[in-house]
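Read the structure below first, then the notes.
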Amino acid sequence: MRRPDLALTVRQRKLACVLDPALALCHAHGPLLAQRLTQVVEPWLTRSFWQVLDASELLLRRQARDVASSDGLAQPDASALTEWIRLRDCTDAGSWTFRWIGDCVAESQVQDATDVQVVERYETLAEALVRRLTRECGAAAWLHGYDPVAGALDTLILSATLGGAIVLSQDAGMSNVDPWPVQALARIGVNATCLQPLPAESLFAAERALLRDALAAAGLAPVLEELPPLIVLHVVAADGDGNAATTSNDDAIALDPWAGARAWWYRA
C-alpha cells in the first residue's frame, strides 16, 4: 500500500521551563529528571550548568580534598556529572531536546522556541545583574568552587529573558533556608513573594495543578520521591528595550532593567 502524499503533524507549544543547575547536577537522578521533563515541557539549561560540566574534574577533586568546605551547600554529584558529559559527547547539535543561550547565536540552541534577539536580551539582563550584584554584595559574591546560589543567578536571567518563564528548583534541604534561586534574588536586592499557602483563586494555583499533572505524566512520581521538594519560581524584569513589567520609574529601568523586577515562588 502506497503512503499518502500529504502528511499532517500537529504540534502544541510546551511551557518553557528553566532548570536550576542544582536540580540537574546535584543528584544522581538529575539527568533522568531533566530528560523525562522534555516529554512535557520545554526545558532550558543555563550557562552556569555548562560551566560546571566544563570544570567538573576540578570541582570533584576539590570536593574530595575539602569535604567540609561546602558548609552544607548542595554539591555536584559525580554520577550526574558523568551522565551529563556522556550526553554532551554523544548528542549531535541538531538532536538536543534541551534549549540554552550561549555566548552568541551560533552557540545557542533555541531552534523555533523564540527569536534570535533572545541572546541580546539575555546579555542586557546579565550585564545589569552583574553590576547590581557587585553593588549589593561586592566582589566576594563570586565564590571559589561550586555555589548553588551563584549558579541560580543564571536561572533568574533566563526566566526574565523568556518573559517570566517557570524556574524549576528545589528546597535547600535546611530548615528556615530559602531555595537557591530565592537566595540569589536576595543577593541582587530583589524581593520574592512566597505564595504559601497558594491562593486557590490565583492562576498560579492552576499552573501548579498543570505542572503536577505534567510531572506525573512524565513518570516522575517515583523519581521525585527521592529528591527534596520542588519549588517553582517566576522572575519578571524589564525587557531589553527598557520596558518594565511593573514600575513607573522609566529612567531607573533604562539604567537597570532589574529595578522594579518582580518574583513569585511556591512549592510544587
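Key figures
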| quantity | calculated |
| --- | --- |
| Matching residues in region 195-237 - criterion: being part of a loop (DSSP other than H, G, I, E, B) and without any contact (Cβ under 8 Å) to a residue 12 or more places away in the chain | 197, 199, 200, 201, 202, 225 |
| Odd one out for residue 214 among (1) surrounded by fewer than 17 Cβ atoms within 10 Å (Cβ to Cβ); (2) out of contact with any helix residue (DSSP H, G or I) (no Cβ under 8 Å at 6 or more places or on another chain) | (1) |
| Any hit, region 237-247, residues being modelled with pLDDT of 95 or more and out of contact with any helix residue (DSSP H, G or I) (no Cβ under 9 Å at 6 or more places or on another chain) | no |
| Answer from 179, 148 - the residue that is of a type outside the set (A, V, I, L, M, F, W, C), buried (at least 22 other Cβ atoms within 10 Å of the Cβ), more than 16 Å from residue 131 (Cα to Cα) and in contact with a Cys (Cβ under 8 Å, 6 or more places away or on another chain) | 148 |
| Residues of region 162-194 satisfying the condition of being assigned to a helix (DSSP H, G or I) and in contact with a Ser or Thr (Cβ under 9 Å, 6 or more places away or on another chain) | 180, 181, 182, 184 |
| Condition met for residue 189 (in contact (Cβ under 8 Å) with a residue 24 or more places away in the chain, at positive phi and over 20 Å from the mean Cα position of the chain (by Cα)) | no |
| Scope region 4-57; condition more than 24 Å from residue 76 (Cβ to Cβ), surrounded by fewer than 17 Cβ atoms within 10 Å (Cβ to Cβ) and modelled with pLDDT of 90 or more; matching residues | 15, 39 |
| Test for residue 225: is it modelled with pLDDT of 90 or more and surrounded by fewer than 16 Cβ atoms within 10 Å (Cβ to Cβ) | yes |
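Yes/no matrix, rows are residues, columns are (1) surrounded by 10 or more Cβ atoms within 10 Å (Cβ to Cβ); (2) modelled with pLDDT of 80 or more; (3) in a helix (DSSP H, G or I):
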position	(1), (2), (3)
59	yes, no, yes
62	yes, no, yes
69	yes, no, yes
72	yes, no, no
79	yes, yes, yes
88	yes, yes, yes
121	yes, yes, yes
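The values are calculated or read from the model by the stated rules, or taken from the named source; none is laboratory data. Values in this document were obtained by computation on a predicted structure and should not be read as measured data. For neighbour counting, all protein chains shown are included, and Cβ atoms are generated from backbone atoms with ideal geometry for every residue, glycine included.
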